[in-house]
Amino acid sequence: MAEPGRGHTRWRLILPVLAVPVLVLGFLIVGLFAWALSDEDDPRAGAMQKVTCAEALAFGGASAPAHAHVGNCTLQQGIDTAYTAVLRMPREDVRDWLRETYPKAPEARSDASCGALCLDVSHEDGLPATAGAHVVQVRVEYENAETARVRFSAFTM
């Protein structure tokens, strides 16, 4: 006849000894993944920074129009680099500014899905070689009969 409880004493001692390294290893693995996936220590990772609008526009091969009021300009870096600028300018000057800035680009289109005017330019279709961006997107909304708000985005891919 077998003794009651025989063998249980050995497992009661071995299981806690085995559980501690398994738990420690598990916490280390979870911590390593959490650290690797966090952007907290990288100051460039996704944080928006205010920059001069001349810098933002130059990244896309542009300069501020003569009669424009330049607003917010930002830079966001991570895997890619993205500059944005918001300009207010006379409506009548928008098309001429786009033609002068991107003479080899297609004509700005009027499209209800993107605002009053839209222009997408890449190196393949008219972006100047001096631009640091791979793509420039310009979205124009008419605020009133005289003023247009221009949203300028220049980014790498």
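When the residues 135, 17, 94 are ordered by accessible surface, computed with a 1.4 Å probe over the protein chains alone, the sequence from largest down reads 17, 135, 94.
Annotation: per residue accessible area for the chain equals 67 Å², rounded to a whole number [probe 1.4 Å, protein chains only]. In a DSSP loop and with at most 11 other Cβ atoms within 10 Å, the trypsin sites (Lys or Arg not before Pro) in the range 98-157 are 104. Taking only the C-alpha atoms of the chain, Rg followed by Dmax gives 28.8, 103 Å.
Accessible area of the chain with a 1.4 Å probe: how many percent of it is carbon plus sulfur?
Accessible surface attributable to carbon and sulfur in the chain totals 59 percent.
Using a Gaussian network for the chain with springs between C-alpha atoms less than 10 Å apart, which of these wobbles most: 19, 129, 82? Looking only at 19, 129, 82, the largest GNM fluctuation is found for 19.
Structure remark: mean-square fluctuation, Gaussian network model of the chain, C-alpha springs under 10 Å; the largest value among 93, 111, 80 belongs to 111. Using θ = phi - 60° and the Karplus curve 6.51 cos²θ - 1.76 cosθ + 1.60, what whole-Hz ³J(HN,Hα) does each residue of the range 141-156 get, with Gly and Pro shown as x? Per-residue couplings from phi come out as 10, 8, 7, 7, 5, 10, 10, 10, 9, 10, 9, 10, 10, 10, 8, 9 Hz.
Treating the angle as unsigned and between 0 and 90°, give the value, to the nearest 10°, between the Cα long axis of helix 91-101 and the longest Cα principal axis of the chain. The helix 91-101 is inclined about 80 degrees to the chain.
Roughly how tilted is helix 8-37, in degrees to the nearest 10 and between 0 and 90, from the longest Cα axis of the chain? On a 0 to 90 degree scale, this one is about 10.
Along the positive direction of the dipole of the range 79-137 (beta-carbon charges: Lys, Arg +1; Asp, Glu -1; about the Cα centre), which of 112, 87, 131 reaches farthest? Checking the options against the dipole of the range 79-137, the answer is 87. Over the chain, dividing the summed -39,500 (n - 2.57) contributions of all DSSP H runs of at least 4 residues by the number of residues returns a 222 nm mean residue ellipticity of -10000 deg cm²/dmol. For the range 61-157, which GluC sites (Glu not before Pro) pass both filters: DSSP loop (anything but H, G, I, E, B) and at most 13 other C-beta atoms within 10 Å? Passing sites in the range 61-157 are 107, 143, 146.
The values are calculated or read from the model by the stated rules, or taken from the named source; none is laboratory data. Quantities reported herein were computed from a predicted structural model and do not represent experimental measurements. In this analysis, Cβ positions are derived from the backbone assuming ideal geometry, glycine residues included, and neighbour counts consider all displayed protein chains. Each accessible area value is taken on the protein alone, full model and side chains, heavy atoms only, with ligands, DNA and RNA left out. Shrake-Rupley method; radii C 1.70, N 1.55, O 1.52, S 1.80 Å.
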